[in-house]
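Participant: My questions will all concern the structure given below.
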Amino acid sequence: MSYQYQQDPQAIFSGFTVLPKDFIELVKALAPHMGKTRKNPFVLEDFVFAYNHWWSELSDKDKNKAPLVKVCLKPNCDPYQRYEKIVKRLLFPVRWVEYEDDSQLLRDEEHKLLWRPTDDDRAQFDQFLGYIKSLCDGISPLDDIVKYGFTTVKDRRPMFVRSEV
């Protein structure tokens, strides 16, 4: 008997990005134990894990207010290096489409909707920012960010992703 590995379907995610330093501040606010000093300091991977763990503990209603985070790597990096060296930004996806081919990753006229935020995207992200603010006594660690990036990445589509463009 042989077993065949079935790979998760791929998707193109579009969403808002933050720098690693801003993401770390967010996680410290949501999971205060992550802000404590310790003998072996936390690294970026720990903060990504902590955020996704925090998300997994939310009610289904609240999960709709806060996206999971995806990691955007620097181009042509060695994936075996430490996160601090290879992570460019962290992505909060607001929508996705099935991956068809690499042409979807081109910033051309045909795929411009994948690369530009819509009013619905902004509204969804504003809901997330408001939710974070409500959890942090009205002062969010993300309040100081003047401009968020918006990008598109190809990644495996987890089974719990709910929405599609």
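Participant: So for segment 87-94 (the condition being over 30 Å from PRO41 (Cα atoms) and either surrounded by 11 or more Cβ atoms within 10 Å (Cβ to Cβ) or in contact (Cβ under 8 Å) with a residue 24 or more places away in the chain (or both)), does at least one residue qualify? Spell out how you get there, then give the answer.
Facilitator: At the first step, the residues of segment 87-94 found to be over 30 Å from PRO41 (Cα atoms) are 94.
Adding the requirement that they be either surrounded by 11 or more Cβ atoms within 10 Å (Cβ to Cβ) or in contact (Cβ under 8 Å) with a residue 24 or more places away in the chain (or both) leaves 94.
The answer is yes, given that some residue of segment 87-94 is over 30 Å from PRO41 (Cα atoms) and either surrounded by 11 or more Cβ atoms within 10 Å (Cβ to Cβ) or in contact (Cβ under 8 Å) with a residue 24 or more places away in the chain (or both).
Participant: Name, by its number, the condition in (1) closer than 22 Å to ASP155 by Cα; (2) acidic (Asp, Glu); (3) surrounded by 12 or more Cβ atoms within 10 Å (Cβ to Cβ) that does not hold for ASP78.
Facilitator: (3) is the only condition that ASP78 fails.
Participant: While we're on this one: Is there a residue being closer than 21 Å to PHE42 by Cβ, modelled with pLDDT under 90 and out of contact with any Phe, Trp or Tyr (no Cβ under 7 Å at 6 or more places or on another chain) anywhere in segment 105-121? Let's see the steps before the verdict.
Facilitator: Of segment 105-121, the ones closer than 21 Å to PHE42 by Cβ are none.
Within segment 105-121, none of the residues are closer than 21 Å to PHE42 by Cβ, modelled with pLDDT under 90 and out of contact with any Phe, Trp or Tyr (no Cβ under 7 Å at 6 or more places or on another chain).
Participant: Considering segment 59-75 alone, what residues qualify as being surrounded by 10 or more Cβ atoms within 10 Å (Cβ to Cβ), in a loop (DSSP other than H, G, I, E, B) and of a type outside the set (D, E, K, R)? Please lay out each step first, then the result.
Facilitator: Restricting attention to segment 59-75, the residues satisfying the condition of being surrounded by 10 or more Cβ atoms within 10 Å (Cβ to Cβ) are 62-74.
This time we only want the ones that are in a loop (DSSP other than H, G, I, E, B), so: 64-69, 74.
If the condition is that a residue be surrounded by 10 or more Cβ atoms within 10 Å (Cβ to Cβ), in a loop (DSSP other than H, G, I, E, B) and of a type outside the set (D, E, K, R), then ASN64, ALA66, PRO67, LEU68, VAL69 are the ones that fit.
Participant: Right, here's the next one. If you check ASP108, ASP121, ASP102, which single one turns out to be acidic (Asp, Glu), surrounded by 12 or more Cβ atoms within 10 Å (Cβ to Cβ) and within 16 Å of THR151 (Cβ to Cβ)?
Facilitator: Working: ASP108 fails: surrounded by 12 or more Cβ atoms within 10 Å (Cβ to Cβ); ASP102 fails: surrounded by 12 or more Cβ atoms within 10 Å (Cβ to Cβ).
Going through ASP108, ASP121, ASP102 in turn, just one is acidic (Asp, Glu), surrounded by 12 or more Cβ atoms within 10 Å (Cβ to Cβ) and within 16 Å of THR151 (Cβ to Cβ): ASP121.
Participant: Write out, first by first residue and then by second, each pair whose Cβ atoms fall under 6 Å of each other, whose residues are 6+ apart or on separate chains, and whose first residue, in segment 101-113, is part of a loop (DSSP other than H, G, I, E, B) while the second is surrounded by 10 or more Cβ atoms within 10 Å (Cβ to Cβ) and of a type outside the set (A, V, I, L, M).
Facilitator: ARG107/TRP115
Participant: Please specify each residue of segment 35-58 satisfying the condition of being outside any helix (DSSP H, G or I) and either surrounded by 12 or more Cβ atoms within 10 Å (Cβ to Cβ) or over 19 Å from the mean Cα position of the chain (by Cα) (or both). Lay out the reasoning, then the answer.
Facilitator: At the first step, the residues of segment 35-58 found to be outside any helix (DSSP H, G or I) are 36-43, 57-58.
Scanning segment 35-58 gives LYS36, THR37, ARG38, LYS39, ASN40, PRO41, PHE42, VAL43, LEU58.
Residues checked against (1) at pLDDT 90 or above; (2) polar (S, T, N, Q); (3) closer than 29 Å to ASP102 by Cβ:
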position: VAL18; (1), (2), (3): yes, no, yes
position: ALA29; (1), (2), (3): no, no, no
position: PHE42; (1), (2), (3): no, no, no
position: ALA50; (1), (2), (3): yes, no, no
position: LYS65; (1), (2), (3): yes, no, no
position: LYS74; (1), (2), (3): no, no, yes
position: TYR80; (1), (2), (3): no, no, yes
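The values are calculated or read from the model by the stated rules, or taken from the named source; none is laboratory data. No experiment lies behind these values; they were computed from the predicted model shown. For neighbour counting, all protein chains shown are included, and Cβ atoms are generated from backbone atoms with ideal geometry for every residue, glycine included.
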